[in-house]
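Some notes on the structure that comes next.
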Amino acid sequence: MKPDIILLGHGSGGKLSHQLLDDIIIPALSGVAPEQQNDAAVLPAVDGELAFTTDSYVVDPIFFPGGNIGDLAVNGTVNDLAMAGAVPVAISVGLILEEGLAITELRKVLESMRQAADAAGAKIVTGDTKVVPRGKGDKIFINTAGIGRIPKGRNLSGNAAKPGDKVLINGAIGDHGMAVLASREGLELSSDIETDSAALNDLVETLFAACGSHIHVLRDPTRGGVATTLREIAGQSRVDITLDETALPIHESVRGACAILGLDPLFVANEGKLLAIVAADRAETALQAMRRHPAGGEAAIIGEVSAASSGRVLMRTTIGGLRAIEMLAGEQLPRIC
């Protein structure tokens, strides 16, 4: 009889390890036949530049409204590649499983990873699995790495924002962080908030088709939120960025939950949003392209790159004043990605 939970033996490299890989993990993620399994995946040659990224996911809880740690990990890696203008090619998956994790939960996570990869047009080609003793982990941690192909003519960089550029976002901010927090703390007030976790590579392709080289910077405002991401861009590009408070798309449920908990949605994590810094004369074109895409229906122009400086982010408030947006000294919401 096969165990219904993860055992230390699943990480021994012996019979249980092979059962876990051959019966559950490999069929769920890649479907590679046993005779084709080797120590490394062999990828086809690529004409041009490659993008390479890695990230680790330790979200608590591992299941939350609208998603779980599995699709979050794949979408996050796809989006990191997409923000470099790359088309995702291959993804690796490292699983650290805690003794006692239910096999049914592992299957759900793996299934969502495969679905997310398929939706993004990426393949999971290699990976690794380790098991840690009960109490030494938190059900499951995931590391993903990804390789993507950068089509010729794309040259995105965080230091490419220019005075006059417009700042766009593809939708409402703060949903992911508040969905995870609400699930973790059992907050009924936020029960209708779901994660925005999604792959953005197709939206990026739509933007390039509409605006090409007039897109100067792309970033996904994940941990640290919109404020931290824009501070990073402003610092790299040595410019000021001024946001328009009245233009920021924020769902009322998120705004209300943040107000009650004393959180600023500008610093709450997103997993399906991108910030685009676009030349002013193409900003409206980019906005309309975003809004026609399923991932950009609530897109908005939220600010502009205002002047060369040492890297400030300012907020033009609803009453017409200006206030500085500082980078968080610590973590507003830990374990959300």
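In the set (1) surrounded by 24 or more Cβ atoms within 10 Å (Cβ to Cβ); (2) not in a helix (DSSP H, G or I), the condition left unmet by VAL204 is number (2). When residues in region 125-162 are screened for being of a type in the set (Ser, Thr, Tyr) and either assigned to a loop (DSSP other than H, G, I, E, B) or on the phi > 0 side of the Ramachandran plot (or both), 1 of them pass.
Going through region 30-59 one residue at a time, which ones are in contact with a Lys or Arg (Cβ under 8 Å, 6 or more places away or on another chain) and modelled with pLDDT under 95? Result: SER30, VAL46, GLY48. In the condition set (1) open to solvent by 70 Å² or more (accessible area, probe 1.4 Å); (2) not in a helix (DSSP H, G or I), PRO334 is compliant with all but (1). The residues listed here are ALA33, ALA40, ALA28; of these, the one that is farther than 18 Å from GLY70 by Cβ and open to solvent by less than 50 Å² (accessible area, probe 1.4 Å) is ALA33. Tally time: how many residues in region 163-200 are part of a helix (DSSP H, G or I) and either out of contact with any Asp or Glu (no Cβ under 7 Å at 6 or more places or on another chain) or under 30 Å from ALA279 (Cα atoms) (or both)? Count: 12.
Just for helices (runs of 4 or more DSSP H) wholly inside region 1-84: which have at least 3 residues that are outside the structural domain of THR195 (by the TED database) and touching a Ser or Thr at 6+ places or on another chain (Cβ under 6 Å)?
Those helices (runs of 4 or more DSSP H) span 69-82.
The values are calculated or read from the model by the stated rules, or taken from the named source; none is laboratory data. Since this is a predicted model, take the numbers as computed values, not measurements. With ideal geometry, Cβ positions are generated from the backbone for all residues, glycine too; neighbour counts draw on all protein chains shown. For accessibility, only protein heavy atoms count, side chains too; no ligands or nucleic acids. Shrake-Rupley method; radii C 1.70, N 1.55, O 1.52, S 1.80 Å.
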